[in-house]
Amino acid sequence: MTSQPVKTPTTISTTEFLIKFSQILWRLPSMIYTIVKGLKSIGGDKNISWGLELERIAALYPDNPAVKSPDGSLTYRQLNEQANRYAHLLISKGVGRGDVVALCFENRPELLAAYCGCAKVGAIASLINTNQRGESLIHSFNLNRGKVILLGEECYEFFNEARAGIDLSGSLVYLVPDTGKLAASDIPDIRRELAAASSANPDTTSTIALKDPVAYVYTSGTTGGLPKAAVIINKRAVSAMFWFGRVVMRVKPSDTIYIPLPFFHTNAITVGWPPAVYNGAAVALRRKFSASQFLDDVRRFGATHFIYVGEVCRYLMAVPAKPDDSQTTLKYICGNGLRPDIWMAFKKRFGIKKIYEFYGAAEGVGVFTNIFNFDYSVGTSVTPFALVAYDTETDAPVRDASGFMKKVGKGETGLLIMEISEKTPFPGYSDKKKTEEKIFRNVFKKGDMWFNTGDLLRNMGFRHAQFADRLGDTFRWKGENVATQEVEKAIDTFPGVSSSAVYGITLPGADGKAGMASIVKDEKTPLDPAGLVAHLRTSLPKYAIPIFIRFVADFEWTATHKIKKTTLKSQAYDPAQVKDALYVLLPGSDAYEPLTDTIYRDIQAGKFKF
């Protein structure tokens, strides 16, 4: 599907703001009350946690659906009891507060029950990205070694391929059956022990504090390299419950929030699921997103809300439209990355009343939310933030003669930074060095600290912003961050490659940026295009494999010995600009093939669905 350019408003006029403000004026008293109540509930070092909230809701709405999926459903009573069995089993294995339990599952009810069981014990659920392969997968398991590893049967094959590199010393691994077709003799089946465990609420739940970590979510961030483990604390999880569930979307017990995104993704674990739990509503799951079955799922589950990333929305728009696409129970969507060129068309086609676009990072200290429902905006943040001038040549924020940063004006684009304080703490990563790299100090005054988001946003006025671009080498594709260093490392180990430079380029009609690699060949060793694809598929997640290859004689280098990628990015894969050999990995192909003028025109016309 190709889209016509859309002239997107970059600022909000006073008239527009007053109209939107008047539309939610009647909600302000309840919103303020909810915010104040929520702030009180998460203030201080109270013993409020994910596990405790689940127990509260299970007592209030025991028979309400908690989880709906093609793999089965659970009421809140059943979810809580299953979580309790996991909790008691973990306790019997010596797992306690602060210990790590690795969870490696596709989206199915068992994952949610195991996660809640960890939360009740105070264990940190390390949510393994099931798209990862090779070194990334090994790194994620080893970065925070699980005292217990709960492995879904559906993940056994790729886990087994990487097992030799995973440090399993001191780890107890359990297989959690799925279809039951796999009988892994080398990993014990959890069913017997789980069935024998108590279904009563454990005593440990009441001892877990807001400041305690509840999960690790793996992100490649904006600085490249192997995945980092962002720390999700109970305070953030509980805050998301009342913020997204009461202030933003006003979720009711009768609602169903459809989440086809993987639960190792923050949009699922910290945006979609919390408001459902807090209000006794259901979440609907799908193992893997299916554009063709989206509306069937919405109608089957009676979904009222939908959690998205931009690429998902574009996939949905690519499915041939039907006259009844808008005839569903779906009214509200919440997510990030919905691009301007399909924003209005998406609302109209699927009958969406409000788009709660937001901006936030797994490891961030605040969130922007489109509460006022401005089109094309990520909304505003109630926590302190600033958009500061950024020099792309020096790759650093602009500082004045006094050494302080400068804020940009209305309509201008700047680097988003968010203040770190006692009220807005930065939990950081499990790696302390990586944590320090994300902090700016002495920004507007001596001693202050600000979180560097690594993203450029446009100042729309009235404390509202619009996403502009991502800084650094890391780019986003298929809803995932692609770390260029990781991809380059994989390419450079292939026979026939001397060195490589990886970068993101724009594809017509696609969200994010597709991967492209410029390669300097090792003239002593022939390079096999088909073998390169096979090599990358065993070394990288599918979304990280470059779509385009350019063979260059050598690279341009900066004075600090960094490859200059600016020209490579601007020329991209255009045969008219690139005289070097260009190759492309077409959908369904197992080898890179020469990019001809005909193929180039077909790509520009949107004939290939990458």
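The values are calculated or read from the model by the stated rules, or taken from the named source; none is laboratory data. What you are looking at is a predicted structure, and each value in this text was computed from that prediction instead of being measured. In this analysis, Cβ positions are derived from the backbone assuming ideal geometry, glycine residues included, and neighbour counts consider all displayed protein chains.
General remarks:
- Yes/no for GLY134 being assigned by TED's automatic domain parsing to the domain that holds GLY117, of a type outside the set (S, T, N, Q), surrounded by fewer than 21 Cβ atoms within 10 Å (Cβ to Cβ) and over 24 Å from LEU112 (Cβ atoms): yes
- For the stretch 320-340, the tally of residues that are surrounded by 15 or more Cβ atoms within 10 Å (Cβ to Cβ) and either hydrophobic (A, V, I, L, M, F, W, C) or closer than 18 Å to LYS478 by Cβ (or both) stands at 8.
- Looking across the stretch 172-203, the residues that are polar (S, T, N, Q) and touching a residue at least 60 places away in the same chain (Cβ under 8 Å) come down to SER198, SER199, ASN201.
Per-residue answers, yes or no, for (1) crowded, with 24+ Cβ neighbours inside 10 Å; (2) under 20 Å from the mean Cα position of the chain (by Cα); (3) among the acidic types (Asp, Glu):
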site: LYS235; (1), (2), (3): no, yes, no
site: VAL238; (1), (2), (3): yes, yes, no
site: PHE242; (1), (2), (3): no, no, no
site: ARG246; (1), (2), (3): no, no, no
site: PRO253; (1), (2), (3): no, no, no
site: ILE257; (1), (2), (3): yes, yes, no
site: PHE264; (1), (2), (3): yes, yes, no
site: ALA276; (1), (2), (3): yes, yes, no
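- Residues considered: LEU137, LEU89. Of these, the only one that is at pLDDT below 95 and more than 19 Å from VAL283 (Cβ to Cβ) is LEU137.
- Hits in the stretch 261-290 (condition: in contact with a Lys or Arg (Cβ under 9 Å, 6 or more places away or on another chain) and small (Gly, Ala, Ser)): GLY280, ALA281, ALA282, ALA284
- With respect to the conditions (1) without any contact (Cβ under 8 Å) to a residue 60 or more places away in the chain; (2) in a loop (DSSP other than H, G, I, E, B), ASP375 falls short on a single one, namely (1).
- Matching residues in the stretch 149-193 - criterion: being loosely packed, with under 13 Cβ neighbours inside 10 Å and either part of a helix (DSSP H, G or I) or in contact with a Leu (Cβ under 8 Å, 6 or more places away or on another chain) (or both): GLU157, ALA164, ARG192
- Hits in the stretch 315-340 (condition: over 22 Å from the mean Cα position of the chain (by Cα) and of a type outside the set (A, V, I, L, M)): PRO320, LYS322, PRO323, ASP324, ASP325, SER326, GLN327, THR328, THR329, LYS331
- Hits in the stretch 290-344 - residues which are aliphatic (A, V, I, L, M), closer than 19 Å to GLY379 by Cβ and in contact with a His (Cβ under 8 Å, 6 or more places away or on another chain): VAL309, ILE333
- Test: residue in the stretch 278-300 that is over 21 Å from ASP71 (Cβ atoms), assigned by TED's automatic domain parsing to the domain that holds ARG250, within 21 Å of the chain's Cα centre (by Cα) and buried (at least 20 other Cβ atoms within 10 Å of the Cβ): no
- LYS489 vs. criteria outside any strand (DSSP E or B), of a type in the set (Lys, Arg) and over 30 Å from ARG314 (Cβ atoms): no
- Looking across the stretch 378-424 at every residue that is among the polar types (S, T, N, Q) and assigned to a loop (DSSP other than H, G, I, E, B), the one that is modelled with the lowest pLDDT is identified as THR392.
- If the condition is being surrounded by fewer than 22 Cβ atoms within 10 Å (Cβ to Cβ), of a type in the set (A, V, I, L, M, F, W, C) and on the phi < 0 side of the Ramachandran plot, then the stretch 444-476 contributes PHE444, MET449, LEU456, ALA468, LEU471.
- Of everything listed in (1) buried (at least 22 other Cβ atoms within 10 Å of the Cβ); (2) more than 20 Å from CYS313 (Cα to Cα), the single unmet condition for THR270 is (2).
- Test for ALA517: is it without any contact (Cβ under 8 Å) to a residue 60 or more places away in the chain and not in a loop (DSSP other than H, G, I, E, B): yes
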